[in-house]
Each structure stands twice: as C-alpha cells, then as structure tokens.
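First the structure, in the form of structure tokens, and then the observations on it.
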Amino acid sequence: MTLIRADGVSRTYRSTSLVGTGAARTALDGVSLSVAAGETVALLGRSGCGKSTLARLLCGLERPDGGTVSFRGAPLARLDRSGLHRFRREVQMVFQDAPGAVDPRFDIRSIIAEPLRHLTSLDAPARARRVDELLEMVELPASLAPMLPSQVSGGQLQRVCIARALAPEPALVILDEAVSNLDLHLQAATLALLKRLQQASGIACLFVTHDLRLVERFADRTIVMQRGQVVEETGTSALSELRHPASLELKAAILPPLPARVRTVKVVAAG
Amino acid sequence: MSLNLAPKPASASGTLSIEGLTVAAGRDGAGPVLVRDLTLEVRRGRVLALVGASGSGKSMTCMAALGTLPPGTRALSGRVRLDGAECPPASLRGRQVATILQNPRSAFNPVRTMRDHALETLAALGLAGPDADARIEAAMAEAGLDEPARILPLHAFEMSGGMLQRMMIALALLAEAPFLFADEPTTDLDLVVQARILDLLERLVAARGLGVLLVTHDMGVVARLADDVAVLDHGRLVECAPVEEVFHAPRHPLTRMLVSAHLALYGLELAP
C-alpha cells in the first residue's frame, strides 16, 4: 500500500534582498516518487540536487509550486482536520543538524515528549513511560532525560531526535542526512538500530543521503536525483544495478574499505 | 623591488617531528590534560593520518605544533624539530607547514576577494613581487582551478565548498612549504567533491614530495590516502603503524573498534 506519493512536484526558490528579487532557482522539476508501507527507500544525490527539498515537501513542511503530494491516496492540500492530524502523526522527519532541530531550553524528556503531547492522547504518566521506553530503544541512558541539549554529545542528540521521530509510532520516518555528521561507529550503530526497529515495528523509511556506503546494507530500493530531477530508479539496493552517469559518479566516489596495496595516481578533470 | 627578507622555504628538510607534546586546558594549564606526551613524525612524500573520536585531541595537536592553540589552552611541554633541529612553532607556520581546515568557507574573509587572499599570503611570506600573479596562477592550476581570471575576483560566498577547498589548497601551495597539515579537509564536502580533493592531495604528495598530517574521523579517507596511521584516545597516542597493519591487524581496542565500525559499513568484518 502506498503511504506517500509525489506526482510531478516542482519547487522554485527566489532569493530576495534589499536590492530586489534575485534569479529564481528551480530546486525540483517534476519529480514523482512513492513510498509503500514497510519499505526502505534510499534517495541519493550530490549536494544541491533537490533531495532535501523533496523530503521537506513529502512531510508537509513546504508546499510544492506544481504537482501534488498525497498521503494514503489523498492530496495533502485536501486533507481535513483529522486527516491532517493523522498525516502529522504518521510521517516524521529527522534532520541532519540535530542541535538546530531541538529547542535549547527544553530538556531531553520534554523534547521527546513534545510530539506525544500534540499527536497522541497519552496522559502525563503514560507519556513519561513512553519517553523511558524510547530512550531505551535508542540506547541512551535514562539519566539523560533531565539534561539540556547543550549537555549531551552530538551523537546522543541525534539519537534523541530519532527517539522523538519514533515517539508517536509513525508509519514513515524521513531521515535527511540524519547520520552523516556522526562519528563512523555511531553511524553504524544508528543504522543497525533503525534496522532492528524496522524489523520489529514495520515502519517505512525514506533515507536521504549522498553516502552510498550506507545504501546497500540498509535500503530495499534506490532513487537517484540530479539537478532537481529523478534520473534513475532501481528495484534493489544493489549498487551494481546503477547505470546513469550521475549514479556512477556517486558510486565512483565511494571511499575504499581497505588501503590499496599499490597506489594509482589518477588525474581527474577539475570541477 | 620587493623586500625579500624571508628565507626561501627549505626544500631539503625531510622530517617534521613533534616530541613530547602535552596540552592542558586552563590559562595556567591547570585544567584537564587534552594531549598527553605525544610524539609523532611526519615525513616528506608520505601521509600520516591522525585518527580518533571527536574530542580526542587531533586538532589540538596540529594547533600546538604551529603555536596556534586557542585561548584557554596551553602547551605544557613539547618541541617541534625539523630534521633534528628544534624550531619555534611560530617559525613553521606558512613557511614550513601550510594548513587547510574543515569548512573552508569560514577560513576566508567574507569581504575580500580570492585575489586579496592570495596577495596577502604572498606578502606575509615576503614573496610579493612582480611575479606574484604568475605564482598565484601556477598554484591555482596545480590545485585544479583552471580559470584564475574568473575565480580571483570572486568572494567566498560566490563559490562552492569544493572550489573554496581547492583555493585553500592553492594558498597552501603558494608558500611552497614542504609540509601540509590537513584538518578534516573533506568532511563537509559532498562525496564526489571529496573524492576529487583526495585525488588532488595524492597527486601533490607524489609530485611535490609534500609531507601531510591528515586529521580525519573517516577511516575511508585513511584507507584512500594514508601511508601511516596514528590513533589518539583522550589525548594519548595508543597506536602508530603503517596503514595496512592498522586495517588488517589493529592492536589497540580503540583501533579495532574504529576499523570494525568502518568495515561494517561495507558489510565486511575484521579478522579476529
């Protein structure tokens, strides 16, 4: 069953300054994509290809200039009050910049409990129990709960954000480069955690990244974007299936797992 | 006529060694120890990677060696030797050791053009002369910036992250310093740009015999570029070995953890 679907969505940004309106920049140009219940889709592309814009449109943070985003078959713009409530509960997003995604004056407990207050009917004791459960799920000690975001490390805060996204038991989590600025062992641990949660609860994931190393182990399906358009879609996460030049360029940039015995000095054109 | 008083960068030096470096927090150095009795050797034509978790003292080591520790930290002991001869850290800066940093955008003055930065670098080294433009263009070409005339009038905000990092490398090359400290040089760049910058560094090491101290948290970057690896844990050097040894037979538990987490990203496992 299709959870969320974009049909030919476009988005143009226009910068405005004191001296007038700048040139329009098309971030998305007629992009279509869908995510079904329980699947993990990797959305790949270089910086500036429009993948984050697409993620923001899919979770309703922004509206497309053209095309439609639908949730469980109904266009977002036409959802009624209860439909919108359900959409907000079932589609959650985790951002790359964890410190920027939390209120610095909220303690960890309130940060994770906030979606529970707004999106569920749990009472205060039930919310507190759920927060403890979520902290355990993301492998953080309960002693973190009364701390402020500035008192925990970047990796811990990113896991707090993941716990917050999982709090209202969503059907889809959109991870926008959500692990790329963590230390490597934390990236691996976070991905393993998400995979376990997925097997246990069957949530769907849209995994936005430029790091192809993470894709093969984590995704069911791969979508590659370039300059605001989808240029390739494969039915598997096997990187060997990729054919488009933009995909091959990303693939060629994967760092080696092990040092090469004989170094080859490549000469690459400037860009 | 230029005042060319500065000595020409020595091209003979082959080894830069940091010996017995200890850095502590606090103005009087009474705070927590950030780097403890660290000894490292950077050799020309080789890349030494300095790895460890965030906060393990990687960047502090680079800064202490060049005498650029931030306020509130102090080097309690340690010397830097160039081919055995002790050098005051400030004398190395720019002349013997060029530096490139993570997030090149913040390393440029936002209201000055690239040309201003290049001329300032030359002037600081006493190399500003009639051949300045030719020097700048040659350094830019070597860093893979092919259109100097288009790029030199630009400000940092008009350039991409990859272009800025190339410009940083071009400025580093201007000094013709034999050593380069690269502190997380590709961390904020997208993967394709990262690969190109690493290719460029590899070529420069081969062509110029540059000795590189590469600070990184990404073992993929280490596998790609390093010849030797030094592992830091809470300011202490826990392992230093050739790169093959570190990946195939890491000794310290921290090194094993770093390597196995890295290999797990590729679905590989460390041999027990």
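The values are calculated or read from the model by the stated rules, or taken from the named source; none is laboratory data. This one's a predicted model, so the numbers in the text were calculated from it and none came from an experiment. For neighbour counting, all protein chains shown are included, and Cβ atoms are generated from backbone atoms with ideal geometry for every residue, glycine included.
Of these, A:Ala200, A:Ala246, A:Ala238, A:Ala188, which one is within 13 Å of chain B (Cβ to nearest Cβ), of a type in the set (A, V, I, L, M) and exposed (fewer than 15 other Cβ atoms within 10 Å of the Cβ)? Give the steps one after another, and end with the answer.
Details: A:Ala200 fails: within 13 Å of chain B (Cβ to nearest Cβ); A:Ala246 fails: exposed (fewer than 15 other Cβ atoms within 10 Å of the Cβ); A:Ala188 fails: exposed (fewer than 15 other Cβ atoms within 10 Å of the Cβ).
Sole residue among the options that is within 13 Å of chain B (Cβ to nearest Cβ), of a type in the set (A, V, I, L, M) and exposed (fewer than 15 other Cβ atoms within 10 Å of the Cβ): A:Ala238.
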Item to complete: Pairs only if they're at least six apart or on different chains, beta carbon under 6 angstrom, first in the stretch A:253-267 and modelled with pLDDT of 50 or more, second in a loop (DSSP other than H, G, I, E, B); list them, first residue then second.
Response: A:Pro257/B:Tyr266; A:Pro257/B:Leu268
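Tally time: how many residues in the stretch B:43-64 are away from chain A (no Cβ under 14 Å) and within 30 Å of B:Ala261 (Cα to Cα)? Step through it out loud before you land on a result.
Kept after step one, since they are away from chain A (no Cβ under 14 Å), are these residues of the stretch B:43-64: B:43-44, B:50, B:57, B:59-64.
Remaining after also requiring within 30 Å of B:Ala261 (Cα to Cα): B:43, B:50, B:57, B:59-64.
The qualifying residues number 9.
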Discussion item. Which residue is nearest to A:Leu186 (Cα to Cα), if the candidates are limited to the stretch B:255-265 and must be more than 9 Å from chain A (Cβ to nearest Cβ) and not charged (D, E, K, R)?
Written reply: B:Val259
Item to complete: Could you run through the stretch B:78-108 and say how many residues are in contact (Cβ under 8 Å) with a residue 24 or more places away in the chain and closer than 10 Å to B:Ala156 by Cα?
Response: 4
Worksheet item: If you take the residues in the stretch A:70-109 that are in contact (Cβ under 8 Å) with a residue 24 or more places away in the chain and small (Gly, Ala, Ser), which one is surrounded by the fewest Cβ atoms within 10 Å (Cβ to Cβ)?
Response: A:Gly73
Worksheet item: Is at least one residue of the stretch A:10-26 within 19 Å of the chain's Cα centre (by Cα), farther than 25 Å from A:Ala246 by Cα and modelled with pLDDT of 90 or more?
Response: no
Worksheet item: Can you name every residue in the stretch A:91-103 that is assigned to a helix (DSSP H, G or I) and in contact with a helix residue (DSSP H, G or I) (Cβ under 9 Å, 6 or more places away or on another chain)?
Response: A:Pro99, A:Ala101
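Please tell me if B:Leu268 is within 13 Å of another protein chain (Cβ to nearest Cβ), over 19 Å from B:Glu41 (Cβ atoms), surrounded by 17 or more Cβ atoms within 10 Å (Cβ to Cβ) and not acidic (Asp, Glu).
Spelling it out, it is not the case that B:Leu268 is within 13 Å of another protein chain (Cβ to nearest Cβ), over 19 Å from B:Glu41 (Cβ atoms), surrounded by 17 or more Cβ atoms within 10 Å (Cβ to Cβ) and not acidic (Asp, Glu).
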Worksheet item: How many residues are out of contact with any Leu (no Cβ under 8 Å at 6 or more places or on another chain) and either at pLDDT below 75 or of a type outside the set (A, V, I, L, M, F, W, C) (or both) when one looks only at the stretch A:190-218?
Response: 6
Worksheet item: Does B:Gly162 satisfy being part of a loop (DSSP other than H, G, I, E, B) and surrounded by 20 or more Cβ atoms within 10 Å (Cβ to Cβ)?
Response: no
Response to the item:
All conditions in (1) more than 8 Å from chain A (Cβ to nearest Cβ); (2) within 14 Å of the chain's Cα centre (by Cα) are true of B:Arg166 except (1)
Worksheet entry | Filtered residue count, the stretch B:165-202, keeping only those that are under 14 Å from A:Arg46 (Cα atoms), buried (at least 21 other Cβ atoms within 10 Å of the Cβ) and in contact with a helix residue (DSSP H, G or I) (Cβ under 6 Å, 6 or more places away or on another chain) | 2
Item to complete: Filter the stretch A:222-248 for residues that are assigned to a strand (DSSP E or B) and not hydrophobic (A, V, I, L, M, F, W, C) and give the result.
Response: A:Thr222, A:Gln226, A:Gln229, A:Glu232, A:Glu233, A:Thr234
